[in-house]
Amino acid sequence: MKIKFLSLGSGSSGNCYYLGTEKNGILIDAGIGIRNVKKIFKDYKLDFSTIKAVFITHDHADHIKAVGNLGEKYGIPVFTTPEIHKGINKSYCVTEKLSTSVNFIKKEESVEVGDFKITAFEVPHDGTDNVGYCIEIDGKVFSFLTDLGHITETAAKYIKRADYLILEANYDDEMLAMGPYPKYLKERIAGPNGHMSNRETAEFLAENFQANLKYICSAI
Ligand SMILES: [Zn+2]
């Protein structure tokens, strides 16, 4: 089975990933505008109508901007935990609130959508609730950990299972320390529920590399 993976956006300007087969696909996060999603799909000759679901990792603005539109206007089911759903509907950046498109999931319980088997798992970050996703397609395992402050035992378990890994490497320690951000923000970013530094991510991978890992995508 041919599998396509595409990063439509990552970092503070908006996060959105696509994973698809010939027949159907899913989005992980919806932090970029619909017009942008459609344009990128056209550029890559992908069919927007093959998107069967949107899975959300947490309710920070750069991950959910377009989720209301995708869910309610385009009728695409939105999957995430009840707490993240609550956070989405309280968020200032989501003008179209979720109602009919809502699908609740539980951490560590798999759901099946099209060709995909998807399992959400806990990650340490400072959204209302925070998950990573482990996605199995045709015997291949994709693990998504896009925003997390450190690697817990649970996170490590899913990183080690991955054939294809999307893992955050967010900042350079020295650049963050010397940079213009206020102290509270620097502390938030570097804290245990903030983001992974490039060094932390590299060290973890160097120590825990598994032979099955074929591809690493760094989420910034
Ligand atoms: Zn975040």
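The values are calculated or read from the model by the stated rules, or taken from the named source; none is laboratory data. As the structure is a prediction and not an experimental result, all values here were calculated from the model. Cβ sites come from the backbone with ideal geometry, for glycine too, and all protein chains shown count toward neighbours. Side chains are part of the model used for accessible areas, which takes the heavy atoms of the whole protein and leaves out ligands, DNA and RNA. Shrake-Rupley method; radii C 1.70, N 1.55, O 1.52, S 1.80 Å.
List the strands (runs of 3 or more DSSP E) inside the range 55-165, counting only whole elements, that have at least 3 residues being open to solvent by 30 Å² or more (accessible area, probe 1.4 Å) and in contact with a Pro (Cβ under 9 Å, 6 or more places away or on another chain).
Per the criteria, 102-104.
Kindly provide the set of residues from the range 172-183 that are under 22 Å from I151 (Cα atoms) and either part of a helix (DSSP H, G or I) or not acidic (D, E) (or both), ordered by number.
D173, E174, M175, L176, A177
Can you tell me which of A155, A206 is modelled with pLDDT under 95 and farther than 17 Å from H60 by Cα?
A206
Looking only at the range 112-131, which residues are closer than 22 Å to K90 by Cβ and either over 11 Å from the mean Cα position of the chain (by Cα) or within 15 Å of the ligand (Cβ to nearest atom) (or both)?
Listed by number, the residues that qualify are E122, V123, P124, H125, D126, G127, T128, D129, N130, V131.
One line per residue, one yes/no per condition, for (1) over 24 Å from D163 (Cα atoms); (2) of a type outside the set (G, A, S):
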residue	(1), (2)
I40	yes, yes
G71	yes, no
I76	yes, yes
Y92	yes, yes
E96	yes, yes
F104	yes, yes
G132	no, no
